[in-house]
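Some notes on the structure that comes next.
Laboratory data are not the source of any read-out in this text; all were calculated from the coordinates shown. Since the model is a prediction, treat every value here as computed from it, not as a measurement. We place every Cβ from the backbone using ideal geometry, glycine too, and count neighbours over all the protein chains shown.
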């Protein structure tokens, strides 16, 4: 089965009555965890972005504290998982400022992580790629925000 385009879906949804739309949304939320998470964000957290950012930050902190530090293999695996989840939460928001704030927090936690990521090439490369990515995203923000986040970014560079 071939999926319809976004414009086709939009036209079709405009023709549906509200009860049918509600039924479609609930059915969609049953199939994938990501659909349910996105719907939760849109319904409950989209109006208060600061609260959403704090929730995601606390989840990142909890995930970093749960990392198995016995070997760099487990650390790399866990850090990649944290970053993957973080990118998913950023996609839900779609806000560029939220993206920068969350990625800066991730890099801050990674820089302060013990054992040091400096001893592992893969983790250092991942860290440096995120810094470059953040720098590109900061360039898209308002000038005042660029300056503020630029200062935070400079502090994170080794």
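Per-structure values
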quantity: Gyration tensor (alpha-carbon) shape descriptor, the chain, a/c threshold 1.5; calculated: prolate
quantity: Cβ-derived FRET efficiency at R0 22 Å, residue 58 paired with residue 119, nearest 0.05; calculated: 0.20
quantity: Extension gain (nm, one decimal) between residue 129 and residue 16, 0.36 nm per residue minus Cα-Cα; calculated: 36.2 nm
quantity: Separation in nanometres of the label points that stand 7 Å from Cα toward Cβ, at residue 142 and residue 111; calculated: 2.5
quantity: Span from the the range 91-154 Cα centroid across to the the range 1-77 one, whole angstrom; calculated: 22
quantity: Difference of contour (0.36 nm per residue) and Cα-Cα distance, residue 25 to residue 66; calculated: 11.3 nm
quantity: In degrees, nearest ten, helix 96-112 long axis to first principal axis of the chain (Cα); calculated: 30
quantity: Anisotropy class of the range 70-158 from Cα gyration tensor, a/c 1.5 cut; calculated: oblate
quantity: Residue 50-residue 80 pseudo-label distance in nm [points 7 Å out on the Cα-to-Cβ vector]; calculated: 3.8
